[in-house]
Structure formats: C-alpha cells, structure tokens
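What follows draws every value from the coordinates through simple rules; no lab data is involved. Worth saying up front: this structure is predicted, and the values here are computed from it rather than measured. Backbone-built Cβ (ideal geometry, glycine too); neighbour counts: all protein chains shown.
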C-alpha cells in the first residue's frame, strides 16, 4: 500500500522550567491526507540479538543497526506494508522522540543539494533511532549522521527530549540539518515550516551537520548577507505558509502568550516564545485540540464562510495519533516516562496515560485494527469524533465535561501508578492495561450519551400531538 502524503502535523515543545511540574514535554498531532488511517500503540521489548540490517519498505532506505536495542514505545500504522511509521515514543533510557513534523525546503537549496529518494524518511526514523540512543543529543547525532552520509528523502522536523533537555532538529536539504535546544524557560509551536532562526555556531545550544556554513557560503544561499537565519536560508515564504502553517503557530502563542498580539499570517513569528504562566499538560492538550476557538476563524464557529475557511486548524478529522511525551524529573527512573496517548482529533478525544517502562501498553491498543471495531481504541476515538462534530454546539457542554473528566482520570491514574509496590516493568504493564480498561469504560459511556443527545437533534422529527 502506498503511504498517503501528510504534510499536516503540528508540534509543541516545552522546556523543563516552563512547565508546572518541571517535566520537559514534547507533543505532536500526526495527521494524514485522509480521515481514517488506523494506528496502534505498542511497547517493543529490549533485545541484545536483534537484526543488524534494516531496509525500509517505503523507499528501500538501508542501514546497519546495533545488536543491542533498548525497550521503547511506538505508535505504528496498523498497515505496515509501506513502512512502520512508528512516529512517537519513549525508550528505557528516558529519551523521548517524535518524528516527524513535515516541512518544505526552498528550490534554491534543493537545486544544489536535492533530497535523496532512498534516503532516510519518516517511515523508518523512530525505528532506527529511538532504540539506540541514551540522550536527546545522541538522537540528533545518530539521525544527523544518517542524513549526512546517506541522505534524507524528506524535509522534516524531529522532536527529542530527555530528563534535562528538549531539542528540535530540522533536516533542511538532502544532506544537511540544524538543531536547537529549546531554552528551559521557553516553548515552541511548529506547523509544517522550517522554524529555527538565528544559529549560533559557537553555542552548545545548537548542533548542525558538518560544514553547514561552508555549504551555504559556497552556494551563496544566504539572502540576508550576514548572520545565519536558518529559516530564511532554507525555508519557504509562500501563500501556503501564510494560510496553512503560520496561523497555527499564532494560535498556540495566543493561548500561552496572549499579550504578544501577533498576526495570524505574520511569517516572522518567533520560533522560541515565552509563556505568561507555567504550562500544564492541559495547556498542550488545548493547543493540539484547537480549531481557532473563540475567533472568527473557527470552522465550527460563527464567523463568515470566508473567515471559517481562511486557515487550517490544528485539531483535525485527519489527526490519527496525538501524543504528549512527558519525562518526570521528581520520580524514580522507571516511572519517569509517561506517554499521554490520544487517537483521533484531541478536540473531542482523550489522552490516556501509559507508563512507558511497562512491559506492555494494553492489548487493545496493540491489536491489529484495519477495519471498524466497536472495542478498538482507535475506532472508538474516530466514532467519538463523528458524533461530537455532528451537533457540536448543542453538545458542547457534554464534550467539554467529558474531556475535563478524562484529564482528571488521567492524573489520578498516574498518581495511583506512582504508588505501585513493587514497581516493575511487569506491574507497570499490568497497570497500563487497567488504565486502558478504565478509559474504555468511560469512553463507551460517553459514546452512549452522544448517541442519545444526537438522536434528539434529528431533522426527521416533529412536535407530537399531546393526544397521540
């Protein structure tokens, strides 16, 4: 099966001092070109005798792998015929990775260093990187080496974090890349654009491919003449950026930094931004599930037809996998990594917390699910989407109450997991299964409430004569 294009994700990265509890966060919506593309969520066990030869089903990218692989979680496509597309996870070394934020490189750069058809691409990235790294920077260096030596098939942004650092890496051409550490007290929202701005080659907060400056200088690629603004050098500045990409960054800033008074089509919005309050998991969930709520641009709102279709929203029917990867610094390492896993559009569907170190997430999440199943979490989420959007305004209170209750349930489950004795991969895995079951029960009850509420909204209805 050919993978459908999906230049459509939105990412949020938050440094440890910018969050409420001191946990670095990386998060992303994985979107697709279609509304239904089933996903699974799995835990891969550690291995010391794994395969050392990898070939991508997507484009035959080939590389050697170390024999020893750490345990890690992933969210692959249910249909793996075009590649795993593992997308997001946390490994046993408390390193989180989310790949990728699709982006675009301008033609003048690709003219001198084109993308490589059989280079590394999104389908393979998590599989060949996350099991083999013990820090965020190690992930950048491993991926960067593959890009530099074997080439990249796509322009992509990749998110990495560990207990101390959050990094954003951009593959900017066939063989070059740049990465920036998100300041501990800051955050970033990225939406299908190359976003990194001024690069300081003398700072430990930046990493780049070898000879990047020389590459730009020798091919006269810097439009500014001086400095090294990566976005200006490698990125695009198009009508699509102004209406498809930039408004999502604007809305994320509007939620966390409302005093900035930015413009939704301003293509100079800063990559690094500072929030006006500490950022919680609920704030990140709000951004990833947003659709310009409270503005004329909300597709579900009351603006004009032109306003409601002006900009591409963040939470979409095409969202397949939404995740918030949390690395907690105030607990033992085995309990540090929490995968807040969502399927479908987080405007309507909940995030379920799983301990990443558990030996399993849940059988229902790992099950193959190519066709509709009323008990499968992916398909339940998609059903909730359809039911929620059908009569959104009439059911807004019901939807909001469910999401708030789900956030409370998630926090309570994490706290209960912290109290587990003994705390082992097996007990955490069993706890994950119980968490999934708890959310499934609540989700099924919510589905029933939506069915009942929507039935009352049917156009095939009429006021009944009281005598009948």
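Can you figure out the FRET efficiency of residue 455 with residue 243, using R₀ = 41 Å and their beta-carbon distance, to the nearest 0.05? Before the final figure, lay out the partial values.
Numbers: r = 38 Å, r/R0 = 0.92.
Plugging the Cβ-Cβ distance into 1/(1 + (r/R0)^6) gives 0.65.
Below 8 Å, C-alpha to C-alpha, sequence gap of six or more: please give me the relative contact order for the range 36-118 in percent. Numbers along the way, then the final one.
Values: 123 pairs, mean separation 21.0, N = 83.
RCO, the range 36-118: 25 percent.
Any idea what the relative contact order of the range 235-290 is, in percent, if you count C-alpha pairs under 8 Å spaced at least 6 apart? The partial results should precede the final answer.
Numbers: 46 pairs, mean separation 19.2, N = 56.
Worked out over the range 235-290, it gives 34 percent.
At 25 °C and 0.890 mPa s, what whole-number value in µm²/s does Stokes-Einstein give for the translational diffusion of the range 258-333, with Rh from the Kirkwood sum over Cα pairs?
Translational D for this selection: 163 µm²/s.
Give me the distance between the Cα centres of the range 216-284 and the range 123-199, rounded to whole Å.
17
Specify the angular offset, from 0 to 90 degrees and rounded to the nearest 10, of the alpha carbon long axis of helix 136-150 from the longest principal axis of the alpha carbons in the chain.
Result, in degrees: 60.
Report, to two decimal places, the Cα Rg of the chain normalised by 2.2 N^0.38 Å (N = number of residues).
0.97
Can you give me the relative contact order of the chain as a percent, contacts being Cα pairs under 8 Å and 6 or more apart?
Relative contact order, the chain: 16 percent.
Checking the a/c ratio against 1.5 first, then a/b against b/c, what shape does the Cα gyration tensor give for the range 73-145?
Note, shape of the range 73-145 comes out oblate.
Can you tell me the order of 87-94, 33-40, 111-118 when each peptide is scored by its average per-residue count of other Cβ atoms within 10 angstrom, highest first?
So the order, starting with the most tightly packed, is 87-94, 33-40, 111-118.
Ranked by Cβ crowding within 10 angstrom, fewest neighbours first, how are 52, 427 ordered?
So the residues, fewest neighbours to most, are 52, 427.
May I ask you to compute the full-extension gain from residue 149 to residue 62, defined as 0.36 nm times their residue separation minus their alpha-carbon distance, rounded to one decimal in nm?
Taking 0.36 nm per residue and subtracting the Cα distance, the gain is 30.1 nm.
Please give, to one decimal in nm, the separation of the simple spin-label points placed at residue 371 and residue 282, each 7 Å out from Cα toward the Cβ.
According to this spin-label approximation, the distance is 4.2 nm.
Hey, what number do you get for the chain at 222 nm if only DSSP H runs of n ≥ 4 count, each worth -39500 (n - 2.57), divided across all residues, to the nearest 500? Don't skip to the end; give the middle numbers.
On the way: 12 runs with 136 residues, N = 468.
One gets -9000 deg cm²/dmol as the mean residue ellipticity at 222 nm.
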